[in-house]
Structure formats: structure tokens, C-alpha cells
Amino acid sequence: MSASIPQKKQPYPFWLGGVAATIAASITHPLDLTKVRLQASGDKRMIESIKKTYRTGGTRGLFDGISGTWMRQMSYSMCRFWAYDESKKILGAGKDAPAWKLALAGSMAGGIAGLVGNPGEIVMVRLQGDFAKPPEKRFNYKHCFDALFRMVREEGPSSLLRGAGPNVFRAILMNASQLASYDFFKAELLKTPYFDDNIGLHFTASFAAGTVATTVCSPADVLKSRIMNASGPGSNSTMGVIRQSLKTEGAMFMFKGWLPAWTRLQPTTILIFLTLEQLKNGVDWSRSKGFTFL
């Protein structure tokens, strides 16, 4: 009697990562808003910056630029999760792959997603940083699509690539650290007798991944925010921004906003991976019931 051949598991829908990231980013948006304003403006402290935003805009002010966040997540994040899975297949990085192979897959995904998501990244940063500026320097975009169209019309199509260098660099660092370290920590924790593949494992692995990613990405994140928030000739030079910032603030400017970045990225990372794992469980359940649309 011949043994039945096990069916190969179908891949998950490519858009799951984008949906998970959009849900997570919507919840943590006020913290991301504060991080961008600390990096790009004269605000010094996280709590004071949040209070200032609330005083000037109320609860709604804490969600300034939310449409830009959605645009960014459904371009950049959707692309990075899809590209990471595809890169792992190309490299043959299976369940117990070494850390370097996972990091390489993450770097490949980050390079692709950073370029694809650059317009959404600029839109998000500008929408979030607008109300922290003096009225005469604001862009006054109505929403993400208005920002996109006006940028092309007023600054030319090349404006969509403003800050692409540091953004792609940051995306490579982010995905090599966040996605790869999540998979690595998850696999290592499963080898211990203390963890099973459940929400406790997902929480612990994502907490560790969030801390690693914040520290690795902080310098590129600060540069990206400063360049993208600038406008006018000569304001998009990466070296120019570095020289000016080093001159006025010293080397530690690269870690300015680390605490709000960690405070924002930590819950975001946890929420992304917890949501993604639950979405995958939902897909598995729907397929087991015979639903084929997923």
C-alpha cells in the first residue's frame, strides 16, 4: 500500500503583510507622528511634543497625515513582505536558516521595497511634519493623493525620488534587522523547552526584533526625515545634511528621537507580527473550510 504524498502548502496571499502593517501603523500613528516631528523640527522631548500636538489639533491632530501612513504601508510594507518571502525562496532560506542568510533576504527585500515605497514615504513624512512648521512653510496638502499630484506638478517627477538613497539604505537595514531577526529569534526560541508556536512566542520574538531594528535604523531614519522634509534647491544633498547636523549637534544627532522611535517601532513591530500570524491562521482556517478565495 503506497503512502499518500503530502500536499505542498499553498503560499499565503502576497498582500497579507501590507494589511498587517497598515493595521499596526494606524494604531501607533500618534507615536510615529511624534518621532518625525522630533527628528525634523526643534521639538526636544517626546511627551512635550505630544502635548503640543494635542493642544494645537486636539485628538484629531494626533492622527495628522494618516492617509500618508496608509499609502506608505500599502506600497512599501506590502512590497517588503512579498519580496522577503521571494528572496528566502531564491536563497533557499528555510525554517532553520542561518542569521546571515535571513539578513541577506531581508536586505534584498528592503532594497526593492525602499525604492517602490519612496513616494509614499515622502508623502507620509510631509503630511506628518506639516503642522509642526510655521504656517508660511507648510505644504498644506489635503490628503496623500493631493500631496502626490502636487509634488509632481510643483517640483517635477524627480521629487518622488527625493531622499531615495537614505530611504533605500534604511529599508535595507530595517528589513535585514526586523524581518530577519524575527524569524531568527522565533526559530531559536522554538528550540528551547519554554516556547511553542503561539502568541507568547510571536510576542517575545517581535519584541526582540523591534529593539534590534530601532538601534540599527536610527541614523538612516533621522537623515531620511530631515531630507524628505526639506524643499528647495540644494536641500536634498545627503552629505550636506550630515555636515550641517554634525556641525550644529554633534555625532549623537544620528540617534535623536531613538526613544520615541523605539516606543513607536516596538509596539508596531509586535502588532505587525501578531496581526500577520493571526491573518495567516485565518487563511489556514478558511482554506480548511474549503474557501478558495484566499
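Among the residues of segment 162-173, write down those that are in contact with a Gly (Cβ under 6 Å, 6 or more places away or on another chain) and farther than 11 Å from Met108 by Cα.
First, pick out the residues of segment 162-173 that are in contact with a Gly (Cβ under 6 Å, 6 or more places away or on another chain): 167-168, 171-172.
Scanning segment 162-173 gives a single hit, Asn167.
For segment 59-77, which residues satisfy the criterion of being among the basic types (Lys, Arg) and without any contact (Cβ under 8 Å) to a residue 12 or more places away in the chain?
So the first thing to find is which residues in segment 59-77 are among the basic types (Lys, Arg), and the list is 60, 72.
Within segment 59-77, Arg60 is the sole residue that qualifies.
Among Thr211, Thr292, which is the only one that is assigned to a helix (DSSP H, G or I), out of contact with any Asp or Glu (no Cβ under 6 Å at 6 or more places or on another chain) and closer than 27 Å to Met74 by Cα?
Thr211
Could you tell me which of the residues Phe145, Phe184, Phe131, Phe169 is more than 28 Å from Ser49 (Cβ to Cβ), open to solvent by 60 Å² or more (accessible area, probe 1.4 Å) and in a helix (DSSP H, G or I)?
Criteria check complete, one pass: Phe184.
I'd like to know if segment 273-286 contains one or more residues that are in a helix (DSSP H, G or I), surrounded by 20 or more Cβ atoms within 10 Å (Cβ to Cβ) and in contact with a Ser or Thr (Cβ under 8 Å, 6 or more places away or on another chain).
Yes.
From the list Ala132, Ala147, pick out the single residue that is over 20 Å from Val222 (Cα atoms), of a type in the set (A, V, I, L, M) and touching a helix residue (DSSP H, G or I) at 6+ places or on another chain (Cβ under 7 Å).
Sole residue among the options that is over 20 Å from Val222 (Cα atoms), of a type in the set (A, V, I, L, M) and touching a helix residue (DSSP H, G or I) at 6+ places or on another chain (Cβ under 7 Å): Ala147.
The values are calculated or read from the model by the stated rules, or taken from the named source; none is laboratory data. The shown structure was predicted, so the numbers you read here are calculated from the model rather than taken from an experiment. Backbone-built Cβ (ideal geometry, glycine too); neighbour counts: all protein chains shown. Areas reflect the complete protein model, heavy atoms only, side chains present, ligands, DNA and RNA absent. Shrake-Rupley method; radii C 1.70, N 1.55, O 1.52, S 1.80 Å.
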